[in-house]
Amino acid sequence: MTQQHPHPTPSRPGQPGQMTAVMRAVAPVTGPKVLRIGLVQGGKVIEERVIKQRTHVTIGPSEKSMFVIPSKSIPPNFRVFELVGGEYFLNFLDGMTGRVAFKGGVSELSALKSSAKRVAVGNVQAYQVQLSEEARGKLVVGETTFLFQFVAPPPVQPKPQLPVSVRSGIANDIDWTTTIIAAFSFLFHFGAVGSIYSDWMDPVVDDEIDVAQLLESVKQLPPPPVEQPKEDVEAPAATAAPAAEAPKAAGGGNKGAAAASPGKGSGGMSDARASALTNELAQLDMQMLGALNSSGNATASVLSSGDVPTGLLENAAASGAGVGKGGVAGLNMGGAGGGTVRPGAAGGGGLATIGNTGTSGPATAGSAQTVKGPVGNAQVGGAAVSGGSVSNAPSVVAGMTAGFRRCYNKGLQEDPSMKGSVRITAKIGPNGEVLSATPSGGSGLSGTVVSCVVARVQSAQFAPPEGGGATVVIPVTFVSQ
């Protein structure tokens with residue numbers, strides 16, 4: 001006897017299976033459905049995932065993909081299920097196979113290529129088919145099979161919370177009476193300590209009262225003692241000093257007085273020592289006057305009429321003590337070897353006019369004529385700006401003209417015939433500063449002038465150029481007037 005098993009009634013295309021119908025009847029739909037995807041490899045389901053948040057589903061060899069597949073035939077991060085405007089679209093490539101069950105029936109991917117939309121995904125072209133919430137199917141990518149369907153979103157799980165007994169146990173274990181007493185005790189003790197160290201118990205400080213008390217204490221100070229003038233006990237010695245200086249003044253020497261007065265004023269020398277030095281200086285003066293003639297004629301002549309016998313001067317010259325009348329040592333004093341030398345009365349040139357105080361006319365200073373050197377002029381051409389726009393380039397370059405002229409005038413002091421031209425190429429930085437200044441040309445100009453012009457350009461400040469940098473070429477021509 002053969003037992004017959006009832007065969008399940010095959011479902012027609014487009015109708016849900018028995019399990020799907022049961023799931024739809026049991027699980028209420030509470031909003032847009034989400035994707036449920038199963039990953040099958042080697043005939044076994046190795047992963048099943050419900051995409052709770054409606055978002056793109058990506059596959060590929062990249063680790064950033066939602067499902068990592070070791071296949072080089074697809075892009076690294078390929079959107080197999082793409083969410084566009086709240087609706088899901090299936091994207092598949094030429095090498096993929098499978099079928100999709102729509103509301104109207106089941107279709108193979110190869111048959112859907114003719115009606116699918118062609119989209120570019122990176123460097124490859126894919127086919128795009130819109131999926132409804134009733135769609136389900138499978139997609140084979142190499143050795144991996146994706147089973148997908150739309151299901152109701154799972155209910156939101158509440159956050160885990162501790163039991164009521166655990167949450168209320170800590171508060172119940174506290175002795176609130178002791179806690180309140182301890183809190184008030186701490187507040188009282190800390191308040192007492194704080195009041196001791198606070199300054200509210202200090203007396204009030206009034207600046208006006210303190211200043212008044214200070215002035216009153218100053219008034220009560222005793223007056224300072226009056227200094228008594230010190231008696232001059234050395235008055236007799238001081239009166240003796242002028243009497244000792246009288247012979248010195250008669251001898252005609254001011255050096256003795258000058259030497260005696262410092263000794264007295266210094267306070268470190270006694271009056272007797274000062275008087276002895278004064279006498280020694282007076283004797284030296286007399287010996288110097290008497291050296292002109294041992295018999296006294298020269299001294300008498302000089303003191304009375306100013307005549308000096310020429311013979312005495314010649315004798316003095318022969319002995320190394322003086323010179324004679326005539327052309328001795330190039331002094332054209334006039335006259336022959338003998339005679340009397342009178343200042344201002346000797347004939348000839350040389351020292352003949354020494355001593356004459358009379359004048360025949362007003363004395364005038366000589367007139368000096370100033371010779372003016374050449375004056376240079378600097379002509380600055382139009383500045384050429386490249387590499388970026390500098391708003392104030394013409395005004396800054398025009399302001400350098402005075403500095404260029406000074407450089408050229410300094411060069412004309414060395415070479416009055418110098419003239420020529422030079423081109424300065426200035427590179428402008430992002431903040432308007434001059435990064436470098438390079439001269440070119442410079443024919444006819446000295447290195448000093450070129451260096452001075454380069455230094456003037458390097459010290460300039462331009463507006464920040466557009467683009468972060470610029471180059472300004474400045475032509476300068478120097479001509480003398």
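The values are calculated or read from the model by the stated rules, or taken from the named source; none is laboratory data. No experiment lies behind these values; they were computed from the predicted model shown. All Cβ positions, glycine included, derive from the backbone under ideal geometry; neighbour counts span all protein chains shown. Just so you know, the surface numbers come from the protein's heavy atoms only, side chains and all, with ligands and any DNA or RNA stripped out. Shrake-Rupley method; radii C 1.70, N 1.55, O 1.52, S 1.80 Å.
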How many residues, within region 69-90, are open to solvent by less than 10 Å² (accessible area, probe 1.4 Å) and either acidic (Asp, Glu) or under 57 Å from the mean Cα position of the chain (by Cα) (or both)? 1
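Got a number for residues in region 417-470 being of a type outside the set (Val, Ile, Thr) and open to solvent by 70 Å² or more (accessible area, probe 1.4 Å)?
Here is the first cut: in region 417-470, the ones of a type outside the set (Val, Ile, Thr) are 417-421, 423, 426-427, 429-433, 435-437, 439-447, 451-452, 455-456, 458-470.
Among the residues that remain, those that are also open to solvent by 70 Å² or more (accessible area, probe 1.4 Å) are: 417, 419, 423, 427, 430-431, 435, 441, 443, 451, 458-459, 461, 464, 466-467.
Of the residues in region 417-470, 16 are of a type outside the set (Val, Ile, Thr) and open to solvent by 70 Å² or more (accessible area, probe 1.4 Å).
Here's the yes/no breakdown for (1) assigned to a loop (DSSP other than H, G, I, E, B); (2) under 28 Å from the mean Cα position of the chain (by Cα); (3) modelled with pLDDT of 90 or more:
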| site | (1), (2), (3) |
| --- | --- |
| Thr438 | no, yes, yes |
| Leu445 | yes, no, no |
| Thr448 | no, no, no |
| Ala463 | yes, yes, yes |
| Gly468 | yes, yes, no |
| Ile474 | no, no, yes |
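Residues Gln157, Gln125: which one is in a strand (DSSP E or B), surrounded by fewer than 12 Cβ atoms within 10 Å (Cβ to Cβ) and not small (Gly, Ala, Ser)?
Numbers: Gln157 fails: in a strand (DSSP E or B).
Exactly one of Gln157, Gln125 is in a strand (DSSP E or B), surrounded by fewer than 12 Cβ atoms within 10 Å (Cβ to Cβ) and not small (Gly, Ala, Ser), namely Gln125.
Going by the structure shown, is Ala437 closer than 17 Å to Ser386 by Cα and hydrophobic (A, V, I, L, M, F, W, C)?
Working: closer than 17 Å to Ser386 by Cα: yes; hydrophobic (A, V, I, L, M, F, W, C): yes.
Here the answer is yes, as Ala437 does meet what is asked.
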Pull out all pairs, ordered by first then second residue, where Cβ-Cβ is under 6 Å, the residues are six or more apart or on different chains, the first lies in region 423-446 and is more than 18 Å from Gly381 (Cα to Cα) and of a type in the set (S, T, N, Q), and the second is open to solvent by 50 Å² or more (accessible area, probe 1.4 Å) and assigned to a loop (DSSP other than H, G, I, E, B). Asn431/Pro464
Please work out which residue is nearest to the chain's Cα centre (by Cα), limiting yourself to region 98-118 and to residues that are loosely packed, with under 14 Cβ neighbours inside 10 Å and either in a strand (DSSP E or B) or among the charged types (D, E, K, R) (or both). Arg118
